[in-house]
Amino acid sequence: MKVLVLGGYGAVGGRLVTELRHRGSTVVASGRDPDRADLVIDLREPGLDSYRGAAADSDVVVNATGLEDIRLAELATTIGAAFVDVTATAGYIDRLEQIRAPRPIVLNVGLAPGLTNILAAQLHRQTPGPIDIAVFLGAGEKHGDAATEWSYRLLGRTFRSGTDTIRNYTQPLAFDLPGYGRRRMYRVDFSDQHILAHEFDTAVRTYFALDSRLATSALAALTRLPAAARATRHIRVPGSERWLVLARARSGESHWARGENQSQATALLTVAAVERSTTALPGVHHLHRILPKEEIPIAFPIEFGSTPP
């Protein structure tokens, strides 16, 4: 299998390249920096000429750049490659879902969306009904530029949830998180809740917090004053590299997963998406539909658990 990784030396892309090569794939790490890329590709080119040629020589293309351009998926699948996108933006995923692709497109491949979808799908099979999703990330991890920009871009913005309009980092709700105790978390526009609410025909809400209570409170405050956030982007706050995601039913029953280093976990889940993309049917697939929890490789350094009602 030959895989082209766009953003192949970033926080997620670099780890993905290493994991794929470890599993025997031929991998081309691309980007604009000739000192770090195997192949220089500039996705800002109007005609995407350098990308077009590289995609034509690949079995799978992975977009780990954070650039949200549906032409990347359209070109890759038209040329004959499967396409996997590491993104969490609901609007962009909506646009990708409209593509009538002659090859597979796999979306929702990280922790959230991705692993959250898998846990929620497992819970829904056992306990149909409304689901609350918790995404709890370590403030001490050095995230890639794209992930950091995505988090700050949400400040002050609103999204639709059913008939409600929600401002990001508002509407707090308490969760009992295994290993962390009771934490206040806030609504955030992750795409998992939209996809799952439509699929399950029930309410699904995603909440977010950092392991630093101070940083979490700061996000809740800054969402009212998003212009002030620019001055805080490069401030490091105390925290770990641990993460936890959880899906909880109204009964209190929950399924959860936790580990260390979000970027590494995202890369591992993307490896699974790449492998599944080679046998998937043409069209758009979300990871939970082609990778149930029971089929996640046991070698993954992810701890799974559940809490009874």
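Miscellaneous remarks
Rundown of residues vs (1) open to solvent by 30 Å² or more (accessible area, probe 1.4 Å); (2) hydrophobic (A, V, I, L, M, F, W, C), yes/no style:
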| position | (1), (2) |
| --- | --- |
| SER25 | no, no |
| PRO46 | yes, no |
| ALA55 | no, yes |
| THR78 | yes, no |
| THR116 | no, no |
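- Of the criteria (1) out of contact with any helix residue (DSSP H, G or I) (no Cβ under 9 Å at 6 or more places or on another chain); (2) surrounded by fewer than 23 Cβ atoms within 10 Å (Cβ to Cβ); (3) of a type in the set (Phe, Trp, Tyr), which one TYR207 fails: (2)
- For segment 100-151, a residue qualifies if it is modelled with pLDDT of 95 or more, under 12 Å from GLN262 (Cβ atoms) and among the hydrophobic types (A, V, I, L, M, F, W, C), and the qualifying residues are LEU115, VAL135, PHE136.
- Tallying residues that are open to solvent by 30 Å² or more (accessible area, probe 1.4 Å) and either among the small types (Gly, Ala, Ser) or without any contact (Cβ under 8 Å) to a residue 24 or more places away in the chain (or both) within segment 57-76 yields 2.
- Cβ pairs under 9 Å, 6+ apart, first in segment 250-263 and among the acidic types (Asp, Glu), second open to solvent by less than 20 Å² (accessible area, probe 1.4 Å) and part of a helix (DSSP H, G or I): GLU253/LEU123
- Residue, farthest from ASP85 (Cα to Cα), within segment 48-67, restricted to residues that are touching a strand residue (DSSP E or B) at 6+ places or on another chain (Cβ under 6 Å) and of a type outside the set (Gly, Ala, Ser): ASP59
- Each residue in segment 269-309 was checked for being open to solvent by less than 10 Å² (accessible area, probe 1.4 Å) and either assigned to a helix (DSSP H, G or I) or farther than 14 Å from LEU107 by Cα (or both), and 8 pass.
- Among the residues listed as THR158, THR163, the single one being out of contact with any Leu (no Cβ under 9 Å at 6 or more places or on another chain), farther than 22 Å from ARG250 by Cβ and of a type in the set (Val, Ile, Thr): THR158
The values are calculated or read from the model by the stated rules, or taken from the named source; none is laboratory data. Only a predicted model underlies this, so the values are computations on that prediction, with no experimental measurement involved. Methodologically, a virtual Cβ is constructed for each residue, glycine included, from the backbone with ideal geometry; neighbour enumeration extends over all protein chains shown. To get the accessible areas, we keep the full protein, side chains included, count just its heavy atoms, and leave off ligands, DNA and RNA. Shrake-Rupley method; radii C 1.70, N 1.55, O 1.52, S 1.80 Å.
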